[in-house]
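Participant: Pasting in a structure now, in structure tokens, and then I'll have a few things to ask.
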Amino acid sequence: MLTSKQRAYLRSLAVDLDTILMVGKSGISPDVIKQADDALTPREILKGRVLETAPQSARETAEEIAAATSSEVVQVIGRCFVLYRRNPKDPKIQLPKARRTAL
């Protein structure tokens, strides 16, 4: 689970990324899931777009792809979304540490 500080950091990284995943009128297919999974392994962060002809909203699409690829939804704005999945073998992105607070 990402903290708000970690999400903000990932959003700042995603600004410069190109959109590499497009979901169109056929919706989320096994090919789309495979493409997302393959892209998340080396990059850890993925920017996608849902076209106007898609049957689902960007939020629904992002959540479904995240569940299928064991990733987390970082952001959904309009028709664009950002997903993150840490690569435990070779992490590329160093997230800020989560701060623990005493109750």
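Participant: crowded, with 17+ Cβ neighbours inside 10 Å, in contact (Cβ under 8 Å) with a residue 60 or more places away in the chain, in a helix (DSSP H, G or I) and out of contact with any Ser or Thr (no Cβ under 9 Å at 6 or more places or on another chain): is that true of Arg11 in this structure? Explain how you work it out, then say what you get.
Facilitator: Working: crowded, with 17+ Cβ neighbours inside 10 Å: no; in contact (Cβ under 8 Å) with a residue 60 or more places away in the chain: yes; in a helix (DSSP H, G or I): yes; out of contact with any Ser or Thr (no Cβ under 9 Å at 6 or more places or on another chain): yes.
No.
Participant: Return a yes/no flag: does the range 50-59 have any residue that is assigned to a strand (DSSP E or B) and in contact with a helix residue (DSSP H, G or I) (Cβ under 8 Å, 6 or more places away or on another chain).
Facilitator: Within the range 50-59 (the criterion being assigned to a strand (DSSP E or B) and in contact with a helix residue (DSSP H, G or I) (Cβ under 8 Å, 6 or more places away or on another chain)), the answer is yes, since at least one residue qualifies.
Participant: Considering (1) farther than 16 Å from Cys80 by Cβ; (2) crowded, with 17+ Cβ neighbours inside 10 Å; (3) touching a residue at least 60 places away in the same chain (Cβ under 8 Å), say which one Met1 fails and leave the rest.
Facilitator: So Met1 meets the others, but not (2).
Participant: Can you tell me which residue within the range 56-103, out of those that are surrounded by fewer than 16 Cβ atoms within 10 Å (Cβ to Cβ) and among the polar types (S, T, N, Q), is farthest from Asp37 (Cα to Cα)?
Facilitator: Checking each candidate, the answer is Thr101.
Throughout, read-outs are computed from the coordinates displayed, never taken from laboratory work. As the structure is a computational prediction, the values presented were derived from the model and not from experiment. Note that each Cβ is placed from the backbone with ideal geometry, even for glycine, and that neighbours are counted across all protein chains shown.
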